[in-house]
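A.B. asks: Below are the C-alpha cells for one structure; questions will follow.
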4 protein chains.
Amino acid sequence: MTGWGDIAHLGHVEMLTDRFDESLDFFTRVYGLKLSGSDGRSAYLRAWDDYEFCTLKLTSADVTGVGHVAYRAASPEALERRVAAIEASGYDVIGWVDGDQSHGRAFRFADPFGHVFEIYYDPVWYEAQQEAEKAALKNTASAYTGAAPRRIDHLNLLADDVTEFRRFMETCLGSRVTEMIRLDNGRIGGCWFTVNNKSYDLACTEEHGKGHGRLHHVTYAADQREDVLRAADIFLQNGVHIETGPHKHAIQGTFFLYVWEPAGNRVEIANSGARLILAPDWQPVVWTEAERRKGQAWGLKTIETFHTHGTPPVEE
Amino acid sequence: MTGWGDIAHLGHVEMLTDRFDESLDFFTRVYGLKLSGSDGRSAYLRAWDDYEFCTLKLTSADVTGVGHVAYRAASPEALERRVAAIEASGYDVIGWVDGDQSHGRAFRFADPFGHVFEIYYDPVWYEAQQEAEKAALKNTASAYTGAAPRRIDHLNLLADDVTEFRRFMETCLGSRVTEMIRLDNGRIGGCWFTVNNKSYDLACTEEHGKGHGRLHHVTYAADQREDVLRAADIFLQNGVHIETGPHKHAIQGTFFLYVWEPAGNRVEIANSGARLILAPDWQPVVWTEAERRKGQAWGLKTIETFHTHGTPPVEE
Amino acid sequence: MTGWGDIAHLGHVEMLTDRFDESLDFFTRVYGLKLSGSDGRSAYLRAWDDYEFCTLKLTSADVTGVGHVAYRAASPEALERRVAAIEASGYDVIGWVDGDQSHGRAFRFADPFGHVFEIYYDPVWYEAQQEAEKAALKNTASAYTGAAPRRIDHLNLLADDVTEFRRFMETCLGSRVTEMIRLDNGRIGGCWFTVNNKSYDLACTEEHGKGHGRLHHVTYAADQREDVLRAADIFLQNGVHIETGPHKHAIQGTFFLYVWEPAGNRVEIANSGARLILAPDWQPVVWTEAERRKGQAWGLKTIETFHTHGTPPVEE
Amino acid sequence: MTGWGDIAHLGHVEMLTDRFDESLDFFTRVYGLKLSGSDGRSAYLRAWDDYEFCTLKLTSADVTGVGHVAYRAASPEALERRVAAIEASGYDVIGWVDGDQSHGRAFRFADPFGHVFEIYYDPVWYEAQQEAEKAALKNTASAYTGAAPRRIDHLNLLADDVTEFRRFMETCLGSRVTEMIRLDNGRIGGCWFTVNNKSYDLACTEEHGKGHGRLHHVTYAADQREDVLRAADIFLQNGVHIETGPHKHAIQGTFFLYVWEPAGNRVEIANSGARLILAPDWQPVVWTEAERRKGQAWGLKTIETFHTHGTPPVEE
C-alpha cells in the first residue's frame, strides 16, 4: 500500500519572520496575497484563487524559516490511514493538535531534518466578506487584482540527506518523485515530489551549510509568464531584493522569479504553462551533475546565493 | 465505491474525416500536431509534450465526428475494476478489442447517445526517432515548434439527456462534475467532468438537433494565452474558418479559440492558466440560464453556430 | 510645403463628463491613470510613462464627449508656421488661449464638424512629487503599477464628411493618412492619420447619427497584449461595461478592448505590437466595404453600438 | 541646421560571415527571416513585416562582422542635403555606389572607427511572389510565421571614442541621443541614437579590445515579450548559443535575448513594449558607472563576453 491518493494537495506553509510588519506589508501590498484574518502572532494569507482561508500563515518569531508544512488529506478515512502509516513508520510523531482559524485538528510529525509537517482534513473554505472581494465569475474564489499569484504551488526544504527525505515523503505522504538530481558521487542532490497531477508540490535539496530544518523557498503560481515578468517590475519598483530570474528552470521547466521578503525568506512566483504529470506510471527524470553545470534552461548560471541562502541563516 | 482514481486521464480521441488529406494537412502543418505513424485508414497524431504515441487518431470515413473516446486506467487492477463496474451497469458493452499502433487491448462500451468509449492501460510511449525531434530538455517529450499546442486537454460530446450522460460518466469512469448549467426547466444543459486535477477533461452539452453520437469539439492545451492569440494569426493566414474567439469562457474560465478543420469537425486551442481543481470535496459550480445569457466572461455573445454545429452534421 | 514634421505628437484630450466623480474614480482606480492635479472643474490625468503632466483632462460638464484635442508642436517656430497655415486656411480660428496647469498658451481652431483643436509648444513635464511615484528606472516617467496603460495613443472623432475632415488634418496639422476605408459609393468611410512614426494618432469615421462634434473614443497604449487581456478581467471585476474585445482589428492590426466609462464616453486600451510606419513614402492602405464586412481580423463581427454610440449621445 | 528629419530610418545591415551556408540556415530556418533573393555572394533577407526587399544582407567573406550600415533618406532632396553635409564634414567619403537587388544608388562614407555607412532613397519594396507569402491582412507586408521577428530594429557598433562617434552620427545623419553612459573618468561609455520616434536605431559602445570597425550586434523587433521567450526555446532546441537573456535592459528598457549565429556574429531579438520617444525636446538619460554596476533592470549581472566579444574577433 503506497498511500498514493490519500493526500489531496499541499495546504499551507507557516512562515516565520522576525520583521512581522514589513513581511506582512510585502506579502499583501507587493506580492499580492490577501489577508483573511489574524490573531495575536499570525496573519492568515491566501492567493486570490486559493479556495482555503489560508495558504500562508505568517508568524512572528525570533527566527526566520518555516514553522510547519501542512497537507490536506483526501478524506477523513484517508487521514486516518496516513496517521496509522506515520505512527508505524518510526518517524517522530508530535501528535494531534488543535486547529486554528483556518482548519480543524491536525496530526503533526517531523522529518529527521527538523521540519514539522501536519495533515488535516477540515479546512475553512474562504468566503468573501465584502462586496468588492466577491469574484465576478462564480468559479473563482475571489476578486482578481493586479499581478497577484493565483494559488499556492510548492515549497522547497533543505535536508542533509535527500535520499532519507525521499523515504520520509513516500512513507508518510505517499508522494511520488517526478524529477531528481543524481550527483556524481551517487547521492541524490535534489528531489521533486507530488501527491497529485501537479508536477511537484514540494522539493528537497541538499543542505550545504550547517543548518537544520531550513527553508529554501515558498512559491505561488501565476497564470501566465507575463505575470511573472510584470511581477519583476513590481518588485523592482518596490525595492524588493530580486535574487534571480525571470528565467526558465531546466528541471521541471518552471518559469521562475525569486525574491527575498523583508525578513530574508526566499519567495518565488512561477508559471508552469500547461505542464501536468498525468501518466500513472511516470518514471522520474534524472539529471546528472554535468547537465546541471549547463545552468538553467536558457543557459543562465545558477546564482551562488541560491546554493547557500536558506532560512533561518546559519554561520558559515 | 465511486471509482475515483481508477482512471488516470483522457488518452485519445478518434476523429472521423471525409477529407482525410486536407484534415491531415491541417492538423500537422497548421494546427501543429506531430505525426507519429499511420496505417491504411488512420494517422496517429500527438502534441509536442504528450507522452503517448497518439492522442488524436485521425481516421478516414464517410462521415465526420468522433470514432471513439479513450481513457487510460491508473493500473491494470484499476482497469479490471472499471470493466467489472461497467459490465454490472447495464450500459452497452462492446467488449475487449485489440489495440493498434498506439496502445494494447482496450475495453469498449457505449453511452446511450451513440458515443463509443474505451479504457486501456498499455500505451505506446512516444520515443523520438529523429535527432531533430528529440527534446532539448529531457523532461519534455519532444521538440517544441512554433505555437504548437502542448497536450490533449478535453473533448465535448452532445447528448439528448445530459443528466443521463452524467450518470454514465460517474458509473463507468468514476468522473466528477466540476461545473454545470441548470436550465430554467430543471434539466442540466451542460456538464463538465474530470477524473483528475484538471478542471475538466470531457464536457457534455445538450443536443439541440436530431443528431446521435455527435461531437461538439476536441481541444488541445496551449502553454500561454499568447499562444492562442498567435494561433489565431496562423489560422487566419492559412484560410482556416475561425468560428469564435479568442475570448474567455465564463464557465471554467478557459481562454478559447474555435476553428473548423477542413472536414468540418470543430477544434479548439485553449489555455487555462494555473487553474486546477485540488479540493477533494469540490462542489459543482452551477450556472443559471440568466447567467448564461450574459455571454462569455468578457461579454462576447455566444455565436449561433456554437449551439447548432456538430459532427456529423444533421438535417435541421 | 506640407507641414510634415511641424507637429510632434498628440498631446492631450479634454473629455467631458456629467458624472465627474464616477468618471474620475474609473480613470484612476480602474483604468489606471494617475492624477497629476486638479482645479475647480477639471482633473489632470496621465499614464505612467507619459512625459507630460496631463494627457487626459477630465472636465465636469452638462454633456459628455470631447472638449478639445491638443497636439504638441515640434518647436516654437513650427508652432508659428502652423498658426500661419491655419489662419490662411479659412477654417474657423478661435485664437490664442491661456494655458492651464499642464501647458502654456495654445492656439485654438475648429474643424467644420464641431471639434475644437489646439496646438501648443510649452508643456509642463511630469515630475514625481512623492518617493513612491518615482520610477525605479530613470528612463521611465513614473512608477509602474498594475496593468496601467503606458501612454496616450490616439482618439477617434466622428464627422459628416471624412474627406473634408482629411483636408482639415492635412492643412492644419500636416498629418498623413496611413489607412482608410473607401465605401462603395466612393465616399471615405474612415481615415487614420499620423504626424509621426506611430501608425495613427487620430482616426475619423463617418457620423451615422445627427450628432455634431462628437467623440467616438480615446485610447491609451498598453505594453503587451497580455495587459489588454488582464485589463478585461479588471473591468469585469469592477462592473465596467465592456462593449467589445479583446480582439484584433483588421485595420491597423491593433489588439483592442473597448469599454464605456461611467458617463458613457468610450475608452479603449490597446496594443500595436512592434508596428510603426517608417517609410517616408508610405501609401495609404485602402479597405473596401466588402473587406469590412468580413469583420475584424479574426472574424469577430463589429458590434452594432460601435457604429451608433458616440458622445454626447443624440436622439435617433 | 541639424539634419533632423532628413533620415527616415535604419534600412539594412550587411553582415559578413565565413560560414555562409550555416549562417543562412540559421537566419531563415531558426531566427525566422525570409529570403527575398540572392546573388553570387549575398543573400537578401527581411523580417515578415519589413516593407523593404532587404533589411539584412548576408555576405560571404573571409571575416565576420559588418560590411556596411544603410539608412534610408526621407526624400531625394533630403538625401542631397545629407550628402552635402557629409562632404563638408571632413569624414571619409567613399562616394556614390551602384545599388543592388534591394535599392538604387547609395552614397557611402565611413566613421573614423572603420564602419562603412551608406544613405539611399530608392528601395525595392517587397512584393510577395507566392500565394502563401501574401499577407492575410493587407496592412502587413507578408505572411506571419511562428515567432519570427517583425522588423529590423537597431544595431550596435564598437568604437574607440564614443564621443567622436556621437559627433559623426549627429553630423552625418542628424541623429539624436536618447540615452548614454557617462563613465567616472568623464568619457562616454555608450550612446543610443535615433533618427525618428524609435527610442534607438543604433547604439555605440566603447571598444575594449584592439578591434577596428567591429560589430557588437544586430537586432530585430518582436511584437510581444512572449515572442522573445518562445524564441529562447527555439534557439535552445536548435542548439544555438544563447549568450544572455531573456531579461530587461535598464538602459532603454528593452526586453532582450542575445545569441550567436554560426559564424559568431551576435544577434538579438527584442521587444520594447509601447515605448517611443515623442518629445521633440527629449534630453538624454544619463547613466553612471555606479548605476551600471547594478546590472540589468531586474538585477542580472551583465555577462563577461558581452563586454569582450565582437566581430570580427580580435587577438586579446
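The values are calculated or read from the model by the stated rules, or taken from the named source; none is laboratory data. Keep in mind that what you see is a predicted model, and the values were worked out from it rather than measured. Positions of Cβ are backbone-derived with ideal geometry, glycine not excepted, and every protein chain shown enters the neighbour counts.
A.B. asks: Is there a residue in region D:270-278 that is more than 24 Å from C:Ser199 (Cα to Cα), at pLDDT below 95 and in contact with an Asp or Glu (Cβ under 9 Å, 6 or more places away or on another chain)? Give the derivation first.
C.D. replies: Residues of region D:270-278 that are more than 24 Å from C:Ser199 (Cα to Cα), as a first pass: none.
No - not one qualifying residue is present in region D:270-278.
A.B. asks: Output yes when any residue across region B:244-256 is facing chain A (nearest Cβ under 9 Å) and aliphatic (A, V, I, L, M), and no when none is.
C.D. replies: Checked region B:244-256: at least one residue is facing chain A (nearest Cβ under 9 Å) and aliphatic (A, V, I, L, M).
A.B. asks: Continuing with the same structure: Filter region A:24-72 down to residues that are in contact with a Lys or Arg (Cβ under 9 Å, 6 or more places away or on another chain) and free of Cβ contacts under 8 Å to residues at least 40 places away in the same chain and give me whichever is surrounded by the most Cβ atoms within 10 Å (Cβ to Cβ).
C.D. replies: Ranking the qualifying residues of region A:24-72, first place goes to A:Leu45.
A.B. asks: Does A:Ile152 satisfy the condition of being more than 30 Å from C:Asp227 (Cα to Cα), buried (at least 19 other Cβ atoms within 10 Å of the Cβ) and at pLDDT 90 or above?
C.D. replies: Numbers: more than 30 Å from C:Asp227 (Cα to Cα): no; buried (at least 19 other Cβ atoms within 10 Å of the Cβ): yes; at pLDDT 90 or above: yes.
Judged against the criteria, A:Ile152 is not a match.
A.B. asks: Would a scan of region D:67-87 turn up a residue that is touching a His at 6+ places or on another chain (Cβ under 8 Å), of a type in the set (Gly, Ala, Ser) and closer than 28 Å to D:Glu164 by Cα?
C.D. replies: yes
A.B. asks: Only one of these is more than 19 Å from A:Thr219 (Cβ to Cβ), touching a helix residue (DSSP H, G or I) at 6+ places or on another chain (Cβ under 9 Å), within 14 Å of chain B (Cβ to nearest Cβ) and not small (Gly, Ala, Ser): A:Arg82, A:Arg41. Name it. Quick ask: steps written out before the conclusion?
C.D. replies: Numbers: A:Arg41 fails: within 14 Å of chain B (Cβ to nearest Cβ).
Testing whether each residue is more than 19 Å from A:Thr219 (Cβ to Cβ), touching a helix residue (DSSP H, G or I) at 6+ places or on another chain (Cβ under 9 Å), within 14 Å of chain B (Cβ to nearest Cβ) and not small (Gly, Ala, Ser) leaves just A:Arg82.
A.B. asks: One residue is enough: does region C:7-22 have a residue meeting the conditions in contact (Cβ under 8 Å) with a residue 24 or more places away in the chain, in contact with a strand residue (DSSP E or B) (Cβ under 7 Å, 6 or more places away or on another chain) and part of a loop (DSSP other than H, G, I, E, B)? Outline the logic, then answer.
C.D. replies: Of all residues in region C:7-22, those in contact (Cβ under 8 Å) with a residue 24 or more places away in the chain come to C:7-20, C:22.
Then keep just the ones that are in contact with a strand residue (DSSP E or B) (Cβ under 7 Å, 6 or more places away or on another chain); that gives C:7-17, C:20.
If we keep only those that are part of a loop (DSSP other than H, G, I, E, B) too, we end up with none.
No, region C:7-22 has no match at all.
A.B. asks: A further question on this structure: For region D:201-239, name all the residues that are touching a residue at least 40 places away in the same chain (Cβ under 8 Å), within 11 Å of another protein chain (Cβ to nearest Cβ), within 22 Å of D:Gly310 (Cα to Cα) and assigned to a loop (DSSP other than H, G, I, E, B).
C.D. replies: Answer for region D:201-239, where residues must be touching a residue at least 40 places away in the same chain (Cβ under 8 Å), within 11 Å of another protein chain (Cβ to nearest Cβ), within 22 Å of D:Gly310 (Cα to Cα) and assigned to a loop (DSSP other than H, G, I, E, B): just D:Asp201.
A.B. asks: Among what's in region B:129-149 and is in contact with a Gly (Cβ under 9 Å, 6 or more places away or on another chain) and not small (Gly, Ala, Ser), pick the residue that is surrounded by the most Cβ atoms within 10 Å (Cβ to Cβ).
C.D. replies: Filtering region B:129-149 for residues in contact with a Gly (Cβ under 9 Å, 6 or more places away or on another chain) gives B:136-137, B:139-140, B:145-149.
When the remaining residues are screened for being not small (Gly, Ala, Ser), the result is B:137, B:139-140, B:145, B:149.
On the way: B:Leu137: 19, B:Asn139: 21, B:Thr140: 19, B:Thr145: 16, B:Pro149: 28.
By that ranking, first place goes to B:Pro149.
A.B. asks: List every residue pair whose Cβ atoms sit under 6 Å apart, with the two residues 6 or more apart in sequence or on different chains, where the first one lies in region D:288-316 and is of a type in the set (Lys, Arg) and the second, anywhere, is exposed (fewer than 12 other Cβ atoms within 10 Å of the Cβ).
C.D. replies: Between residues of region D:288-316 that are of a type in the set (Lys, Arg) and residues that are exposed (fewer than 12 other Cβ atoms within 10 Å of the Cβ), there is no close pair.
A.B. asks: Right, here's the next one. Out of the residues in region D:120-165 meeting the condition of being closer than 21 Å to D:Asn265 by Cα and small (Gly, Ala, Ser), tell me which one is farthest from the other protein chains (Cβ to nearest Cβ).
C.D. replies: Checked region D:120-165; the qualifying residue farthest from the other protein chains (Cβ to nearest Cβ) is D:Ala159.
A.B. asks: Follow-up. With the requirement that a residue be touching a residue at least 12 places away in the same chain (Cβ under 8 Å) and either in a strand (DSSP E or B) or surrounded by fewer than 21 Cβ atoms within 10 Å (Cβ to Cβ) (or both), what does region A:159-168 give you? Working first, answer last.
C.D. replies: Going residue by residue through region A:159-168, those that are touching a residue at least 12 places away in the same chain (Cβ under 8 Å) are A:159-166, A:168.
If the condition is that a residue be touching a residue at least 12 places away in the same chain (Cβ under 8 Å) and either in a strand (DSSP E or B) or surrounded by fewer than 21 Cβ atoms within 10 Å (Cβ to Cβ) (or both), then A:Ala159, A:Asp160, A:Asp161, A:Thr163, A:Glu164, A:Arg166 are the ones that fit.
A.B. asks: Which number in (1) among the hydrophobic types (A, V, I, L, M, F, W, C); (2) under 20 Å from C:Ala274 (Cα atoms); (3) within 14 Å of chain D (Cβ to nearest Cβ) marks the one condition that C:Met180 misses?
C.D. replies: Of everything listed in (1) among the hydrophobic types (A, V, I, L, M, F, W, C); (2) under 20 Å from C:Ala274 (Cα atoms); (3) within 14 Å of chain D (Cβ to nearest Cβ), C:Met180 misses just condition (2).
A.B. asks: Condition test on D:Cys172, is it part of a helix (DSSP H, G or I), touching a helix residue (DSSP H, G or I) at 6+ places or on another chain (Cβ under 8 Å) and surrounded by 18 or more Cβ atoms within 10 Å (Cβ to Cβ)?
C.D. replies: Numbers: part of a helix (DSSP H, G or I): yes; touching a helix residue (DSSP H, G or I) at 6+ places or on another chain (Cβ under 8 Å): yes; surrounded by 18 or more Cβ atoms within 10 Å (Cβ to Cβ): yes.
Yes.
A.B. asks: I would also like to ask the following. Going by what's in this entry, would C:Gly95 be described as exposed (fewer than 14 other Cβ atoms within 10 Å of the Cβ) and touching an Asp or Glu at 6+ places or on another chain (Cβ under 6 Å)? Walk me through how you get there before you give the answer.
C.D. replies: Details: exposed (fewer than 14 other Cβ atoms within 10 Å of the Cβ): yes; touching an Asp or Glu at 6+ places or on another chain (Cβ under 6 Å): no.
Here the answer is no, as C:Gly95 does not meet what is asked.
A.B. asks: Also: Taking region D:298-316 as the region of interest, how many residues are within 22 Å of the chain's Cα centre (by Cα) and either within 19 Å of D:Phe235 (Cβ to Cβ) or of a type outside the set (S, T, N, Q) (or both)? Let's see the steps before the verdict.
C.D. replies: We begin by selecting, within region D:298-316, every residue within 22 Å of the chain's Cα centre (by Cα); these are D:302-314.
Still in the list and also either within 19 Å of D:Phe235 (Cβ to Cβ) or of a type outside the set (S, T, N, Q) (or both): D:303-307, D:309-314.
Summing the residues that are within 22 Å of the chain's Cα centre (by Cα) and either within 19 Å of D:Phe235 (Cβ to Cβ) or of a type outside the set (S, T, N, Q) (or both) in region D:298-316 gives 11.
A.B. asks: For residues that are within 14 Å of chain B (Cβ to nearest Cβ) and part of a strand (DSSP E or B), scanning just region A:257-278, find the one that is surrounded by the fewest Cβ atoms within 10 Å (Cβ to Cβ).
C.D. replies: Kept after step one, since they are within 14 Å of chain B (Cβ to nearest Cβ), are these residues of region A:257-278: A:268-278.
Keeping just the survivors that are part of a strand (DSSP E or B) gives A:268-271.
Working: A:Glu268: 24, A:Ile269: 29, A:Ala270: 27, A:Asn271: 28.
If we take residues in region A:257-278 being within 14 Å of chain B (Cβ to nearest Cβ) and part of a strand (DSSP E or B), then A:Glu268 is surrounded by the fewest Cβ atoms within 10 Å (Cβ to Cβ).
A.B. asks: Separate question: Please work out if D:Thr178 is closer than 16 Å to D:His309 by Cβ and not in a helix (DSSP H, G or I). So that I can check it myself, show each step before the final result.
C.D. replies: Numbers: closer than 16 Å to D:His309 by Cβ: no; not in a helix (DSSP H, G or I): yes.
For D:Thr178, the condition - closer than 16 Å to D:His309 by Cβ and not in a helix (DSSP H, G or I) - is not met.
A.B. asks: Only one of B:Val259, B:Val228, B:Val218, B:Val195 is within 19 Å of the chain's Cα centre (by Cα) and within 25 Å of C:Gln237 (Cα to Cα); which? Walk me through how you get there before you give the answer.
C.D. replies: Working: B:Val259 fails: within 25 Å of C:Gln237 (Cα to Cα); B:Val218 fails: within 25 Å of C:Gln237 (Cα to Cα); B:Val195 fails: within 25 Å of C:Gln237 (Cα to Cα).
Just one listed residue meets the conditions, B:Val228.
A.B. asks: Quick one: in region D:279-297, which of the residues that are more than 9 Å from every other protein chain (Cβ to nearest Cβ) and closer than 30 Å to C:Leu10 by Cα is nearest to the chain's Cα centre (by Cα)? Outline the logic, then answer.
C.D. replies: Kept after step one, since they are more than 9 Å from every other protein chain (Cβ to nearest Cβ), are these residues of region D:279-297: D:283-284, D:288-290, D:292-296.
Applying the additional criterion that residues be closer than 30 Å to C:Leu10 by Cα yields D:283-284.
Numbers: D:Gln283: 23, D:Pro284: 20 Å.
Among them, the one singled out is D:Pro284.
A.B. asks: Let me ask you something else. Exactly one condition in (1) in contact (Cβ under 8 Å) with a residue 60 or more places away in the chain; (2) surrounded by 20 or more Cβ atoms within 10 Å (Cβ to Cβ); (3) outside any helix (DSSP H, G or I) is false for D:Asp184; which is it?
C.D. replies: Among (1) in contact (Cβ under 8 Å) with a residue 60 or more places away in the chain; (2) surrounded by 20 or more Cβ atoms within 10 Å (Cβ to Cβ); (3) outside any helix (DSSP H, G or I), the lone unmet condition for D:Asp184 is (2).
A.B. asks: Just checking, does region A:246-253 include any residue being touching a Phe, Trp or Tyr at 6+ places or on another chain (Cβ under 9 Å), touching a residue at least 60 places away in the same chain (Cβ under 8 Å) and not polar (S, T, N, Q)? Before the answer, list the steps.
C.D. replies: As a first pass, look at region A:246-253 and keep what is touching a Phe, Trp or Tyr at 6+ places or on another chain (Cβ under 9 Å): A:246-252.
After this cut, where a residue has to be touching a residue at least 60 places away in the same chain (Cβ under 8 Å) as well, the list is A:251-252.
Checking the rest, the ones that are also not polar (S, T, N, Q) come to A:251.
Checked region A:246-253: at least one residue is touching a Phe, Trp or Tyr at 6+ places or on another chain (Cβ under 9 Å), touching a residue at least 60 places away in the same chain (Cβ under 8 Å) and not polar (S, T, N, Q).
A.B. asks: Then there's this: Do we have D:Gln252 as within 16 Å of the chain's Cα centre (by Cα), assigned to a loop (DSSP other than H, G, I, E, B), under 30 Å from C:Leu10 (Cα atoms) and not acidic (Asp, Glu) here? Give the steps one after another, and end with the answer.
C.D. replies: Values: within 16 Å of the chain's Cα centre (by Cα): yes; assigned to a loop (DSSP other than H, G, I, E, B): yes; under 30 Å from C:Leu10 (Cα atoms): yes; not acidic (Asp, Glu): yes.
Criteria met by D:Gln252.
A.B. asks: Which of (1) within 30 Å of C:Thr17 (Cβ to Cβ); (2) of a type in the set (Asp, Glu); (3) out of contact with any strand residue (DSSP E or B) (no Cβ under 7 Å at 6 or more places or on another chain); (4) surrounded by fewer than 19 Cβ atoms within 10 Å (Cβ to Cβ) is the odd one out, the single condition C:Glu291 does not satisfy?
C.D. replies: If we test C:Glu291 against (1) within 30 Å of C:Thr17 (Cβ to Cβ); (2) of a type in the set (Asp, Glu); (3) out of contact with any strand residue (DSSP E or B) (no Cβ under 7 Å at 6 or more places or on another chain); (4) surrounded by fewer than 19 Cβ atoms within 10 Å (Cβ to Cβ), just (1) comes out false.
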